[in-house]
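First the structure, in the form of structure tokens, and then the observations on it.
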Amino acid sequence: MSAATSRCAAVACRRLSRRLLSTATSAPLLGHFHHPTPVPPKGDPPTPYYMAPAAVATFHPLTAASPRLSLLDFLPDAADFELFDSHLGLLLLRRHNHNRNRKGDLGLYLVCDPVSRRSARFPPPPILGGGRIIGAALLSRDADADPGSGLRFDAVCVAVDGDRPRAWVATYRDGECRWRALPRGPRDVAIEFDPYWLENTAVRAAGGLYWHICNNRFALALDMATLQFSFLLAPYAMWRYHKFRIGEMPADGQLCVGSLEDEGFQLWVRGSGRGSDNGWVRERHVRMQEVLDEVPWLPRDIKIRHCNMWLSDIDAGRTGKVFVASFGYGRFSYHLDTGKLECLAMEDGMEYGHPIFPYFSTPGETLVPPPPIAVLTDHDLREILRRLAPADLIRAALACHRWRRAAARCACVTSPPLLGYFFHPVDPPPTMRFSASRARRYPVAFVPVDASSPTLSLDGGDGTKGFSIFDVHLGLVLLLPVFLPFGIPPRILVVDPASRRRVLLPPPPRDLLPEQDDCWRGGDARRHFVGAALLSRAHPSMLCFDALILTVDDKHPRASIASYRDGECSWMSFPRDMGVTVKFDPYWFEGRCVHAAGDIYWHICQSGRVLKLDPATLTFSYLRAPSELLASGANFRIGETPEDGRLAMATVENQEMQFWVRGEAKENDDGWFLRKRMNMRKVFDTMPALPRDKVSRIMSIWLSDIDRGRTGKLFIKTEGYGRYSFHMEAAKLERLITEDGKEYGHPIYAYRLAWPPAFLAPEGGNQAVTTETRLSAAHTPFHFRNFGSPTSDDSFIHTSLLSSLARFKQYDGITHYAVFFGESRFEPGLFHMFDMPW
């Protein structure tokens with residue numbers, strides 16, 4: 001039967017329409033989608049529906065044979081959307097910040113097919129006159145016009161126009177969306193209450209769409225065949241204090257309504273006859289006391305259970321299950337036939353979010369794996385190699401020349417492999433030792449990430465004796481002297497552990513700055529050295545890099561850059577950033593930086609801000625933490641999200657972990673939105689070495705860092721109880737201790753191989769490691785000094801970068817340029833900091 005014939009028959013007979021539409025979901029059920037949410041404290045309400053979800057929509061397969069689907073595999077901004085509907089193999093999502101659409105935004109709504117990894121975005125309906133959007137749902141889906149073509153579907157958006165509902169129908173074809181407004185609902189379907197009480201997500205049951213109304217005995221219904229609105233009245237037995245939910249019977253798809261109250265679980269089916277109540281017949285009544293008694297952490301008092309537990313939904317996947325929610329006791333599924341109650345919890349301790357959408361495969365589609373490829377073309381080979389891990393990609397590249405050429409094209413878009421961690425082992429301090437003395441630090445140690453990773457070293461204890469790690473970036477390790485006398489610029493030791501090469505850079509000269517701008521002279525205390533960091537690396541297999549030191553000169557930050565090329569070091573100092581003022585003692589800056597989301601950050605002790613350096617423009621600014629963390633005085637750390645590398649901030653305070661992500665959301669806090677919140681009490685209980693009382697835990701446990709290897713781990717430091725790593729997804733706490741009983745020191749640096757390797761670098765092109773450092777005319781005037789050349793002039797240059805690029809020179813396979821300053825000319829080899837690849 002065609003779609004048009006089915007629609008005509010549906011108009012003639014509503015019962016036929018419901019049967020046709022309900023049996024249209026005969027496609028197999030693959031699993032369920034939902035937004036995981038943190039478990040609230042016991043007795044506290046869950047996150048309101050108008051808050052942005054704490055996590056990206058997650059898929060749970062029904063069986064082990066079901067495919068594993070993920071939205072992040074083809075939607076990089078999936079975290080900005082929340083689920084609204086699932087129908088005919090499609091998912092409908094809506095953007096969180098729908099009231100604050102950014103300029104150039106592609107649309108408020110997104111429809112995607114997780115199996116074929118196709119998506120379509122479309123704007124909201126052109127509502128005029130102050131109408132209010134209530135919700136949206138999918139109506140139908142057309143077959144693809146051609147293999148590989150775009151999605152073709154119809155969707156409906158329900159709005160309240162005046163005091164009556166209105167349906168807007170969207171038709172999406174060939175990348176274009178057209179909206180069509182239908183007449184308002186009849187007068188007997190008047191919205192005489194505040195539309196705020198209408199739930200945003202609809203329930204799909206028996207050929208209709210239903211929107212529940214909080215604290216109301218009616219539900220708003222929309223017939224999918226005729227697109228007519230009506231009110232559905234619940235049974236009279238549920239009118240008083242009952243939270244009922246609409247759904248389908250698992251056997252025949254009949255419309256049903258259920259509730260979970262103190263007298264038990266009730267299930268009513270639509271029908272007439274003896275004992276009917278407003279067109280409903282009670283089909284089942286189950287007393288849940290014995291079932292709930294099997295869960296040990298649920299309250300025993302019946303009244304407390306009644307106040308803290310309710311029916312959240314009837315499984316639309318028609319599995320015979322209903323979902324039960326609670327205030328802080330978890331989320332459960334109850335099977336109507338077996339009477340089994342199962343806790344719906346994630347591996348990381350989070351619970352299933354509301355609602356839980358079933359996902360069926362596309363009607364008529366069979367998920368059969370494609371036949372094997374007879375001839376492996378270059379395109380197919382690249383598609384295979386780009387899915388390999390970096391270590392496996394290197395092994396595949398060694399097979400033959402053809403595979404090496406294909407792997408070279410894939411290596412440019414592959415993240416460098418994580419080999420392990422560098423740190424300074426320390427002796428375990430005494431328990432609860434709050435003093436200013438530091439534990440003894442031992443020479444640098446390296447711990448490989450797995451057995452296949454190489455064991456690296458910084459050439460033993462003598463090679464780095466008297467030095468401490470300050471930064472690890474782009475396959476290089478930067479170290480500074482342990483003791484830094486005040487007023488003396490430090491020497492910088494840079495080591496490449498993979499090639500065992502090293503260089504000791506001279507300190508910046510005392511006459512690098514003009515005399516009137518030099519705060520080092522005369523023992524003046526106006527200049528404070530903060531720390532050093534690696535900026536860029538010119539070649540993955542050569543020791544050619546740029547590093548910087550951060551100083552605070554007369555309450556303003558300044559960056560001085562050392563450029564090392566061909567055994568020569570050139571120092572250049574930039575002007576102070578007058579737009580940033582350091583009004584506190586620079587002593588409170590942490591000397592070690594954090595590379596995150598392309599920028600460099602320095603934490604400030606006992607402050608709600610961090611100092612940010614943009615490597616692209618070399619400008620400084622302050623970044624504020626969320627106001628929620630500022631109000632509580634939490635100790636936060638900057639890092640990156642493990643899946644997409646976005647800027648993130650985390651804290652572990654009062655036995656609670658919070659993970660914030662930088663970005664726009666419906667409910668944000670100074671540009672941050674809370675992605676994950678987890679109660680750490682049960683996690684800490686699994687470690688016998690940690691204290692048991694709450695006060696000792698609060699005083700002696702804090703977050704020390706976010707793993708820079710983007711493994712999804714947090715590093716937790718304690719006062720005398722050990723060092724730990726906590727995996728946010730697996731909710732696993734692991735003790736970090738060396739074989740000789742020492743603790744991992746702070747910080748713990750993730751070491752990644754310089755990427756791509758020389759034999760995988762693109763042929764005939766620039767082999768420079770990706771860097772964000774660029775010089776611009778905005779940083780003028782500047783000060784420059786060259787070292788290592790016997791003919792270098794001892795005078796400094798103070799001029800404006802009002803010049804042009806001139807003749808170029810080739811060395812090390814990289815194109816470099818000379819810079820002309822007025823009438824003076826300098827050789828390209830002396831100005832390595834201005835070497836810009838074309």
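Filter region 284-303 down to residues that are more than 37 Å from the chain's Cα centre (by Cα) and surrounded by fewer than 16 Cβ atoms within 10 Å (Cβ to Cβ), then give me how many there are. Steps first, please.
First pass over region 284-303, keeping only residues more than 37 Å from the chain's Cα centre (by Cα): 284-291, 293, 300-303.
Adding the requirement that they be surrounded by fewer than 16 Cβ atoms within 10 Å (Cβ to Cβ) leaves 284-287, 289-290, 293, 300-303.
Of the residues in that region, 11 qualify.
Using the structure shown, decide if ARG441 is under 35 Å from the mean Cα position of the chain (by Cα), modelled with pLDDT under 80 and not aromatic (Phe, Trp, Tyr). Walk me through how you get there before you give the answer.
On the way: under 35 Å from the mean Cα position of the chain (by Cα): yes; modelled with pLDDT under 80: yes; not aromatic (Phe, Trp, Tyr): yes.
It is true that ARG441 is under 35 Å from the mean Cα position of the chain (by Cα), modelled with pLDDT under 80 and not aromatic (Phe, Trp, Tyr).
Being farther than 26 Å from CYS307 by Cα and either surrounded by 14 or more Cβ atoms within 10 Å (Cβ to Cβ) or touching a residue at least 12 places away in the same chain (Cβ under 8 Å) (or both) is the filter here; which residues of region 252-268 pass it? Can you show your working first?
Of all residues in region 252-268, those farther than 26 Å from CYS307 by Cα come to 252-255.
If the condition is that a residue be farther than 26 Å from CYS307 by Cα and either surrounded by 14 or more Cβ atoms within 10 Å (Cβ to Cβ) or touching a residue at least 12 places away in the same chain (Cβ under 8 Å) (or both), then GLY253, GLN254, LEU255 are the ones that fit.
What number of residues within region 53-80 satisfy the criterion of being part of a strand (DSSP E or B) and touching a His at 6+ places or on another chain (Cβ under 7 Å)? If you could, list the steps in order and put the result at the bottom.
If we filter region 53-80 for residues that are part of a strand (DSSP E or B), which is where we start, we get 58-61.
Adding the requirement that they be touching a His at 6+ places or on another chain (Cβ under 7 Å) leaves 58, 60.
Result for region 53-80: 2.
One residue is enough: does region 390-411 have a residue meeting the conditions exposed (fewer than 14 other Cβ atoms within 10 Å of the Cβ), at pLDDT below 85 and in a loop (DSSP other than H, G, I, E, B)?
The answer is no, given that none of the residues of region 390-411 is exposed (fewer than 14 other Cβ atoms within 10 Å of the Cβ), at pLDDT below 85 and in a loop (DSSP other than H, G, I, E, B).
As an exercise: evaluate SER333 against (1) among the polar types (S, T, N, Q); (2) in contact with a helix residue (DSSP H, G or I) (Cβ under 9 Å, 6 or more places away or on another chain); (3) at pLDDT 85 or above and give the number of the one condition it does not meet.
Tallying (1) among the polar types (S, T, N, Q); (2) in contact with a helix residue (DSSP H, G or I) (Cβ under 9 Å, 6 or more places away or on another chain); (3) at pLDDT 85 or above, SER333 fails exactly one: (2).
Could you please find all residues in region 711-739 being touching a residue at least 40 places away in the same chain (Cβ under 8 Å) and under 17 Å from PRO448 (Cβ atoms)?
Listed by number, the residues that qualify are THR711, THR738.
Have a look at PRO642, PRO575 and point out the one that is under 30 Å from PRO506 (Cβ atoms), touching a residue at least 24 places away in the same chain (Cβ under 8 Å) and of a type outside the set (D, E, K, R). Steps first, answer last, please.
On the way: PRO642 fails: under 30 Å from PRO506 (Cβ atoms).
Checking each option against the conditions leaves just PRO575.
Given the condition at pLDDT below 90, part of a loop (DSSP other than H, G, I, E, B) and under 30 Å from ARG502 (Cβ atoms), answer yes or no: does some residue in region 606-619 qualify?
Yes; the residues of region 606-619 include at least one that is at pLDDT below 90, part of a loop (DSSP other than H, G, I, E, B) and under 30 Å from ARG502 (Cβ atoms).
Could you tell me which residue of region 191-224 is farthest from HIS242 (Cα to Cα), considering only residues that are in contact with a Gly (Cβ under 9 Å, 6 or more places away or on another chain) and part of a loop (DSSP other than H, G, I, E, B)?
So, considering only residues that are in contact with a Gly (Cβ under 9 Å, 6 or more places away or on another chain) and part of a loop (DSSP other than H, G, I, E, B), the one farthest from HIS242 (Cα to Cα) is MET224.
Across region 515-539, which residue is modelled with the lowest pLDDT among those that are crowded, with 19+ Cβ neighbours inside 10 Å and not in a strand (DSSP E or B)?
TRP520
Going through region 557-576 one residue at a time, which ones are in contact with a Pro (Cβ under 9 Å, 6 or more places away or on another chain), surrounded by fewer than 23 Cβ atoms within 10 Å (Cβ to Cβ) and more than 13 Å from LEU618 (Cα to Cα)?
CYS569
Quick check on region 256-273: of everything there that is in a loop (DSSP other than H, G, I, E, B) and in contact with a Gly (Cβ under 9 Å, 6 or more places away or on another chain), which residue is farthest from VAL322 (Cα to Cα)?
So the residue we want is SER272.
Looking only at region 178-199, filter to residues that are touching a residue at least 60 places away in the same chain (Cβ under 8 Å) and touching a Phe, Trp or Tyr at 6+ places or on another chain (Cβ under 7 Å); which one of those is farthest from ILE213 (Cα to Cα)? Before the answer, list the steps.
At the first step, the residues of region 178-199 found to be touching a residue at least 60 places away in the same chain (Cβ under 8 Å) are 195, 198-199.
From the residues that got through so far, the ones that are touching a Phe, Trp or Tyr at 6+ places or on another chain (Cβ under 7 Å) too are 198-199.
Working: LEU198: 5, GLU199: 6 Å.
In this case the residue turns out to be GLU199.
Do you know which of the residues in region 191-213 that are at pLDDT below 90 and out of contact with any strand residue (DSSP E or B) (no Cβ under 6 Å at 6 or more places or on another chain) is surrounded by the fewest Cβ atoms within 10 Å (Cβ to Cβ)?
By that ranking, first place goes to GLU192.
Name the single residue that is nearest to THR58 (Cα to Cα) among those in region 729-772 being among the aliphatic types (A, V, I, L, M) and modelled with pLDDT of 90 or more.
Just the residues of region 729-772 that are among the aliphatic types (A, V, I, L, M), to begin with: 730-731, 733, 736-737, 748, 750, 753-754, 758, 760-761, 768-769.
Now restrict to residues that are modelled with pLDDT of 90 or more: 733, 736-737, 748, 750.
Working: LEU733: 23, LEU736: 30, ILE737: 34, ILE748: 31, ALA750: 28 Å.
So the residue we want is LEU733.
How many of the residues making up region 529-557 are touching a helix residue (DSSP H, G or I) at 6+ places or on another chain (Cβ under 7 Å) and free of Cβ contacts under 8 Å to residues at least 60 places away in the same chain?
1
Return the residue satisfying two criteria in turn: it lies in region 84-115 and is over 20 Å from THR171 (Cβ atoms) and in contact with a Ser or Thr (Cβ under 8 Å, 6 or more places away or on another chain), and of such residues it is modelled with the lowest pLDDT.
Once the filter is applied, the top-ranked residue is VAL115.
Being of a type outside the set (Lys, Arg) and closer than 19 Å to ILE561 by Cβ: is that true of PRO454 here?
Working: of a type outside the set (Lys, Arg): yes; closer than 19 Å to ILE561 by Cβ: no.
Answer is no for this residue.
Which of the residues that make up region 477-514 are at pLDDT 85 or above and farther than 21 Å from SER536 by Cβ?
Keep residues of region 477-514 that are at pLDDT 85 or above, which gives 477-482, 490-508.
Matches in region 477-514: PRO481, VAL482, ARG500.
Scan region 162-182 and give yes if some residue there is acidic (Asp, Glu) and either at pLDDT 90 or above or in a strand (DSSP E or B) (or both), otherwise no. Lay out the reasoning, then the answer.
Kept after step one, since they are acidic (Asp, Glu), are these residues of region 162-182: 163, 174, 176.
Remaining after also requiring either at pLDDT 90 or above or in a strand (DSSP E or B) (or both): 176.
Among the residues of region 162-182, at least one is acidic (Asp, Glu) and either at pLDDT 90 or above or in a strand (DSSP E or B) (or both), which makes the answer yes.
Restricting attention to region 573-582, does a residue exist that is over 21 Å from PRO615 (Cα atoms) and either in a loop (DSSP other than H, G, I, E, B) or modelled with pLDDT of 90 or more (or both)?
From region 573-582, those over 21 Å from PRO615 (Cα atoms) are none; that's our starting set.
The answer is no, given that none of the residues of region 573-582 is over 21 Å from PRO615 (Cα atoms) and either in a loop (DSSP other than H, G, I, E, B) or modelled with pLDDT of 90 or more (or both).
For MET542, only one of the following conditions fails: (1) farther than 25 Å from LEU647 by Cα; (2) crowded, with 23+ Cβ neighbours inside 10 Å. What is its number?
(2)
Kindly establish whether GLY175 is within 30 Å of the chain's Cα centre (by Cα) and surrounded by fewer than 20 Cβ atoms within 10 Å (Cβ to Cβ).
Working: within 30 Å of the chain's Cα centre (by Cα): yes; surrounded by fewer than 20 Cβ atoms within 10 Å (Cβ to Cβ): yes.
Yes, satisfied.
The values are calculated or read from the model by the stated rules, or taken from the named source; none is laboratory data. The shown structure was predicted, so the numbers you read here are calculated from the model rather than taken from an experiment. Glycine gets a Cβ as well: all are built from the backbone with ideal geometry, and neighbour counts include every protein chain shown.
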